[in-house]
1. Restricting attention to the stretch 108-124, which residues are part of a helix (DSSP H, G or I) and either touching an Asp or Glu at 6+ places or on another chain (Cβ under 8 Å) or surrounded by fewer than 16 Cβ atoms within 10 Å (Cβ to Cβ) (or both)?
2. May I ask you to list pairs of residues, at least six apart or on different chains, whose Cβ atoms are under 6 Å apart, with the first in the stretch 77-95 being of a type in the set (Phe, Trp, Tyr) and the second being surrounded by 12 or more Cβ atoms within 10 Å (Cβ to Cβ) and part of a helix (DSSP H, G or I)?
3. Where residues in the stretch 74-89 are part of a loop (DSSP other than H, G, I, E, B) and of a type in the set (A, V, I, L, M), which of them is modelled with the lowest pLDDT?
4. For the stretch 67-85, name all the residues that are under 21 Å from residue 27 (Cβ atoms) and open to solvent by 60 Å² or more (accessible area, probe 1.4 Å).
5. Looking at 136, 130, 92, which is the one that is aliphatic (A, V, I, L, M), open to solvent by less than 60 Å² (accessible area, probe 1.4 Å) and either modelled with pLDDT under 90 or within 16 Å of the chain's Cα centre (by Cα) (or both)?
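The values are calculated or read from the model by the stated rules, or taken from the named source; none is laboratory data. No experiment lies behind these values; they were computed from the predicted model shown. Neighbour counts run over all protein chains shown; Cβ positions are idealised from the backbone, glycine included. Note: areas computed on protein heavy atoms with side chains; ligands, DNA, RNA excluded. Shrake-Rupley method; radii C 1.70, N 1.55, O 1.52, S 1.80 Å.
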Amino acid sequence: MALRVLTALALFIDAGVHIYLAPGYQAASPGGIGQGNLFYLESAAAVLAALWVLFRGSRASFALALVVALSAFVAVVLYRYVDIPALGPFPAMYEPVWFFEKSLSAVAEGAGALLAAVGLVRTAPKRRAADPRSSASK
């Protein structure tokens with residue numbers, strides 16, 4: 001249960017930071033998809049994954065949590081260090097600085113990905129050892 005709570009907490013922190021930051025980022029692109037709207041979508045995915053992990057704790061819920069947290073972590077680190085231009089309707093999101101909220105979300109996303117990966121491993125189906133008597137009789 002502790003693993004589920006910690007994974008959900010990491011995703012809730014991630015979602016909270018993105019919801020907090022979204023309005024300021026959307027102002028840069030009020031007519032398009034905009035980074036703020038992407039932040040809201042990521043927040044919704046994080047909240048849904050967190051709730052599913054918290055209430056169910058299934059292998060599938062940990063897999064979704066891993067995908068959400070890891071994709072957010074990769075995005076924040078990638079856009080911190082690599083200047084990727086706008087791709088179609090998606091804005092350029094290069095931001096070569098670390099500030100408290102961004103750092104907090106990156107730590108929460110990284111921790112959430114690690115915790116979800118541990119949850120995924122722990123919920124894997126157990127392999128049963130082969131009975132040596134059954135293989136000897138064949």
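1. 108, 109, 112, 118, 121, 122 - these are the residues of the stretch 108-124 that are part of a helix (DSSP H, G or I) and either touching an Asp or Glu at 6+ places or on another chain (Cβ under 8 Å) or surrounded by fewer than 16 Cβ atoms within 10 Å (Cβ to Cβ) (or both).
2. Correct list of pairs: 94/79.
3. Our first condition is that a residue be part of a loop (DSSP other than H, G, I, E, B); within the stretch 74-89, this holds for 82-86, 88-89.
Then drop every residue that is not of a type in the set (A, V, I, L, M), which leaves 82, 84, 86.
Details: 82: 91, 84: 87, 86: 81.
This residue is 86.
4. 83, 85, listed by residue number.
5. Numbers: 136 fails: open to solvent by less than 60 Å² (accessible area, probe 1.4 Å); 130 fails: open to solvent by less than 60 Å² (accessible area, probe 1.4 Å).
Result: 92 is the single residue among 136, 130, 92 that is aliphatic (A, V, I, L, M), open to solvent by less than 60 Å² (accessible area, probe 1.4 Å) and either modelled with pLDDT under 90 or within 16 Å of the chain's Cα centre (by Cα) (or both).
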